[in-house]
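**Q** Next up is a structure, given as structure tokens.
The values are calculated or read from the model by the stated rules, or taken from the named source; none is laboratory data. Keep in mind that what you see is a predicted model, and the values were worked out from it rather than measured. All Cβ positions, even for glycine, are placed from backbone atoms using ideal geometry, and neighbour counts span all protein chains on display.
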Amino acid sequence: MAFIAVVHSCRPPRAWTDTLNAGLPGDAQAPFFWRDDGGRFLGIYPDLMRLVAEEMAVDMRFIALSQARLRHHFASGDIDIEVGVAPSQAPDPDGALYSRPFFVVNEVIIYSPELTFDIFILKDLAGQRVATVRGTRVPAYVEREDFATELQVAKRVDRGWNRIGLMKEALALHYQRTLDLDYRISLPYQSNPVSVRLHPGRTHWLAAIDRAIARAEEDGRLEALLCRYLCGPGPEAGD
């Protein structure tokens, strides 16, 4: 279910407007994004896009959808941008545009402290049953068991229902700290730069978004934003 209604039509992509429609997946993924009790979107991605919107002098509207509906509405032009997309990992809609990277997302292995062998790289998982998030890319030699979210993966490894899982490092650390989950975390086995993905009909926004990200990097605002969520305990987030 969408948090903000989006009406699909066969109209051509919208021209320049005063509002950017930013799509986010419906499931909260703190510290990247979530909603507080008042319904306001918080996290690295919403805060970055508010910063960009301020630089561009436009409004930002966040729309949370399932992954399938997000892809559909992005293709139709009802969603202008998606935030935090790794071009090397995500399905690439025809003609999609990508901003300069603004963050690197590390992928890690989480595993039970009771395992009797060391886990350092993906090849160590050959023949092992591994909890993964549905739709993620995993080598064929891994025996995957899919779940809807990374929070499910973390809880299953904590409870011993799965001994091994794959997920984003920032999420693994966040869930371990805020939920007191018991698992070990490997060094990153993969690092993916993430960007803002734009609908191909939004070429006029690409240069402005790139400039806004570059300025935030140069004057330290981007570093401060990231540290707000990744250095120390960070803001409270729902599960």
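**Q** Just the residues that are at pLDDT 95 or above and surrounded by fewer than 16 Cβ atoms within 10 Å (Cβ to Cβ), please, taken from the stretch 147-159.
**A** Selection gives Arg159 alone.
**Q** Among the residues of the stretch 193-215, write down those that are surrounded by fewer than 20 Cβ atoms within 10 Å (Cβ to Cβ) and not β-branched (Val, Ile, Thr).
**A** Passing the criteria: Pro193, Pro200, Gly201, His204, Leu206, Ala207, Ala208, Asp210, Arg211, Ala214, Arg215.
**Q** Something else: Among the candidates Ala68, Ala140, Ala131, single out the residue that is more than 26 Å from Asp180 (Cβ to Cβ), of a type outside the set (Phe, Trp, Tyr) and not in a helix (DSSP H, G or I).
**A** Result of the check over Ala68, Ala140, Ala131: Ala140.
**Q** Same structure, new question: Is it true that Arg40 is free of Cβ contacts under 8 Å to residues at least 24 places away in the same chain, surrounded by fewer than 21 Cβ atoms within 10 Å (Cβ to Cβ) and not aromatic (Phe, Trp, Tyr)?
**A** yes
**Q** Let me ask another. Residue by residue through the stretch 25-55, note down the ones that are among the aliphatic types (A, V, I, L, M), within 19 Å of Asn106 (Cα to Cα) and modelled with pLDDT of 90 or more.
**A** Ile44, Leu48
**Q** Only residues that are part of a loop (DSSP other than H, G, I, E, B), modelled with pLDDT of 85 or more and over 24 Å from Asp180 (Cα atoms): list them for the stretch 112-126, please.
**A** If the condition is that a residue be part of a loop (DSSP other than H, G, I, E, B), modelled with pLDDT of 85 or more and over 24 Å from Asp180 (Cα atoms), then Ala126 is the only one that fits.
**Q** Here's something else I'd like to know. Among the residues of the stretch 174-184, write down those that are surrounded by 15 or more Cβ atoms within 10 Å (Cβ to Cβ), modelled with pLDDT under 95 and either farther than 13 Å from Tyr111 by Cα or of a type in the set (A, V, I, L, M) (or both).
**A** Within the stretch 174-184, His174, Tyr175, Thr178 meet the criteria.
**Q** Here are Ile44, Ile109, Ile81: which of them is outside the structural domain of Gly160 (by TED's automatic domain parsing) and within 19 Å of Leu173 (Cβ to Cβ)?
**A** The unique qualifying residue is Ile44.
**Q** Can you spot a residue in the stretch 44-60 that is more than 19 Å from Arg100 (Cα to Cα), among the β-branched types (Val, Ile, Thr), touching a residue at least 12 places away in the same chain (Cβ under 8 Å) and surrounded by 20 or more Cβ atoms within 10 Å (Cβ to Cβ)?
**A** Looking for residues that are more than 19 Å from Arg100 (Cα to Cα), among the β-branched types (Val, Ile, Thr), touching a residue at least 12 places away in the same chain (Cβ under 8 Å) and surrounded by 20 or more Cβ atoms within 10 Å (Cβ to Cβ), one finds none in the stretch 44-60, hence no.
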